[in-house]
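Each remark here refers to the structure printed beneath this line.
The values are calculated or read from the model by the stated rules, or taken from the named source; none is laboratory data. What you are looking at is a predicted structure, and each value in this text was computed from that prediction instead of being measured. All Cβ positions, glycine included, derive from the backbone under ideal geometry; neighbour counts span all protein chains shown.
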Amino acid sequence: METKILGVSKKDQSVKVRFTLGGISTTRFMNAVFVDGKMDKPATEARIEELARGIAKKIERGVAL
C-alpha cells in the first residue's frame, strides 16, 4: 500500500490522503493529529497507516471503496 498526503487543512485539522494498491487508488479525508496548532507528522502518519491497512483489506477482498 502506497500512501501520499495531498493536502493539510489547519482549519479542519484534516489531511487529504491518496491510497494506492495494485493499480487501484482511492482518496480520503481524515483527521490529522495537531499539537499547539501544528500537525504532528509522525502521529498523523501512524494514523494514516492504520487506515491504510483497512483500505488494503477492502481492495484485496474487492469491497467497494
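So that you can scan it fast, the table gives a plain yes or no per residue for (1) closer than 11 Å to residue 1 by Cα; (2) assigned to a strand (DSSP E or B); (3) touching a Phe, Trp or Tyr at 6+ places or on another chain (Cβ under 8 Å):
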position: 20; (1), (2), (3): yes, yes, no
position: 27; (1), (2), (3): no, yes, yes
position: 47; (1), (2), (3): no, no, no
position: 55; (1), (2), (3): yes, no, yes
position: 59; (1), (2), (3): yes, no, no
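Quick one: in segment 37-65, which of the residues that are among the acidic types (Asp, Glu) and at pLDDT 95 or above is surrounded by the most Cβ atoms within 10 Å (Cβ to Cβ)? The residue in question is 45. Evaluation of residue 22 against the conditions (1) within 18 Å of residue 63 (Cα to Cα); (2) buried (at least 16 other Cβ atoms within 10 Å of the Cβ) shows that the sole unmet condition is (2). Report every pair of residues separated by at least 6 positions or lying on different chains whose Cβ atoms are under 6 Å apart, first residue within segment 1-16 and outside any strand (DSSP E or B), second of a type outside the set (Lys, Arg). Pairs that qualify, where the first residue is outside any strand (DSSP E or B) and the partner is of a type outside the set (Lys, Arg), are 1/21; 1/52; 1/56; 13/32; 13/34.
Just so you know, in segment 32-44 the residues that are free of Cβ contacts under 8 Å to residues at least 12 places away in the same chain and assigned to a helix (DSSP H, G or I) include one that is nearest to residue 16 (Cα to Cα), and it is 41.
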